[in-house]
Amino acid sequence: MTAPDAALAYAREHRQAILEDLKSLLRIPSISSHAMGTSPAMLQTAEWIAGQLRGLGFEAVDLLPTPRNPVVTGEWLRAGPSAPTLLVYGHYDVQPTDPLELWTSDPFDPQVRGDNLYARGASDMKGQLVAHIKAVESLIRTTGLKVNLKFMIEGEEEIGSPDLEAFLRQHKDRFTCDLCFNGDSGILAPDIPSLTYGVRGLSYFEIRLTGPASDLHSGSFGGAVDNPAFVLCQLIAGMRDRRGRITLPGFYDRVRRVSKSEREELARLPMDEAWWLEKTGAPALSGEAGYTSSERAKARPTLEVNGFLSGFTGQGSKTVLPSKAMAKISMRLVPDQTPVEVRQGLRAYLEANAPPTVTWELEELSSCGPAIVERDSEAVRAASLALEAVWGKRPVFDRTGGSIPVVGLIQDLLGVDSLLLGFGLPDDNLHAPNEKQNLPNLFKGIEATIHFLSEIHK
């Protein structure tokens, strides 16, 4: 047998052992939001991963500290300097289990029912992590690895990776690579292999307006004093025009055009307008004119109101003219927008449009940049061939409307693209009760990763 045939045969022969290893990892309750410092469960999970890497002969296997949970690292550099070096990114922390009463079985007692394995973290992302580790094992135990690998598995992704940027800046030289291989993703359906080649960025703000010094009686002062709630509503309404275009100064100056070929690929997705109506339950669809719903939600920038608070919101009536109004505003960014320029545009809009009857404050709560890997790159080509080899059909190319901060962070600090190659499914109940991992999909994912790691060196 030749690569990857021998590795594929190894993976198939060891499916039960792989399943048992995944179960053992899922039994550890590595909930990062419950751990102010490094808890025994978080340390146990990190040690489990480190043990897997040591058992495969990885070098420089460490649990590097952060203020909260350690980052598991390890290196396999035996393919030599002429071979590509991949940084394998993942996370070992999981979401809380609440509401516990909605689980059919104990979230940390993994159970197989039908084709699915149920447990917290089964899909997000311990299943994806084990798939990559076991693909590497299958190659090492048979034909060997023809790429260099560096592992960086963090324990804080589910709480926003608060320590990762500082960690990467501190250890930047340790993680030099040609590509980041990120398994924190999925495919569209069991029979629809897909590759996510782009993620949107995020800029999230809180806008606070103040009018009178305190709440006032609306009968006594209404009409004489401006109402901050009305002013904020007017400001927000002016941020988009009737065609769905965002009016902030310079907002579209650097927006990369969605090419004809990209629009054709997005049209291949099983998400027509009827799909969007069914999934949202909305009476009708809306958005930027000239684009389909898939293009609007995945490849175009947006501005949304995420929350609004002002005045009296309790039961019954209270005739108050509020002193303050607050709104939370988020913008999803596309290549080549930057959070810095978007913030400047929002501030310029407020300076030009907020009346002198109120004062205002703008606070940026979070941000991350967009990222994209070119579809004609070597990494995407290898991944596409790998998926086609396992699923027997050409994958569809997708862009996700959400944001994955680590992708932009790695692009900024390490100067490399990220390939998202995970095998979770949209109905895996991520962050919800009865999270699951589809087992046929897991084993296909292992085989696809074997193909990818065998193909990427060429």
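Where a number appears in this text, it was derived from the coordinates with a stated rule and is not lab data. This structure is a prediction, so every number in the text was calculated from the model and none was measured. Note that we place each Cβ from the backbone using ideal geometry, even for glycine, and neighbour counts take in every protein chain shown.
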Can you figure out the FRET efficiency of ARG169 with ASP336, using R₀ = 25 Å and their beta-carbon distance, to the nearest 0.05? 0.60
Which listed residue (PRO356, SER366, ALA382) has the Cα farthest towards the positive end of the charge dipole for the stretch 307-458, taking +1 on Lys and Arg C-beta and -1 on Asp and Glu C-beta about the Cα centre? PRO356
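Which length gain, in nm to one decimal place, applies between GLN315 and ALA267 when the Cα-Cα distance is subtracted from 0.36 nm times their residue separation? Mind dumping the intermediate values first?
On the way: separation 48, 0.36 × 48 = 17.28 nm, distance 4.68 nm.
12.6 nm is the gain from fully extending GLN315 to ALA267.
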Subtracting the Cα-Cα distance from 0.36 nm times the residue separation, let me have the gained length for ASP412 to ALA348 in nm, one decimal. 20.4 nm
Non-local residues with an amide H under 5 Å from the amide H of ARG256, with H modelled 1.01 Å from N and Pro and chain starts lacking one, are ASP336, GLN337
Once phi is turned into θ = phi - 60°, what whole-Hz ³J(HN,Hα) does the Karplus curve with 6.51, -1.76 and 1.60 give for every residue of the stretch 142-152, x standing for Gly and Pro? 10, 8, x, 8, 9, 10, 8, 10, 10, 9, 9
Taking LYS172 as the anchor, which aspartates and glutamates have their alpha carbon closer than 19 Å to its alpha carbon, excluding any fewer than eight residues away along the same chain? GLU59, ASP62, GLU75, GLU154, GLU156, GLU157, ASP163, ASP412, ASP417
How many nm separate the modelled label positions at PHE308 and ASP241, each set 7 Å beyond the Cα in the direction of the Cβ? 2.2
Labelled set [x] 21.9; [y] 24.0; [z] 21.2; Kirkwood radius over Cα pairs in Å computed from this model equals the value at [y]
Could you tell me the distance between the Cα centroids of the stretch 105-136 and the stretch 21-75, to the nearest Å? 16
Any chance you could give the angle, 0 to 90 degrees and rounded to 10, that helix 405-414 forms with the longest Cα principal axis of the chain? 70
Can you work out the Karplus-derived ³J(HN,Hα) for every residue in the stretch 318-328? Use 6.51 cos²θ - 1.76 cosθ + 1.60 with θ = phi - 60°, whole Hz, and x for glycine or proline. 8, 7, 10, 9, x, 7, 10, 9, 9, 9, 9
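Could you please rank TYR118, TYR204, TYR89, placing first whichever residue has the fewest other Cβ atoms within 10 Å of its Cβ?
With the fewest neighbours first, TYR118, TYR204, TYR89 line up as TYR204, TYR118, TYR89.
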Checked against the positive end of the charge dipole of the stretch 68-153 (+1 on Cβ of Lys and Arg, -1 on Cβ of Asp and Glu, about the Cα centre), the farthest of TRP76, VAL136, PRO107 is TRP76
Answer with one residue from GLY415, SER317, VAL396: the one whose Cα lies farthest towards the positive end of the charge dipole of the stretch 302-458, charges on Cβ with Lys, Arg +1 and Asp, Glu -1. SER317
For the stretch 27-96, the Kirkwood Rh over every pair of distinct alpha carbons, in Å, works out to 13.2
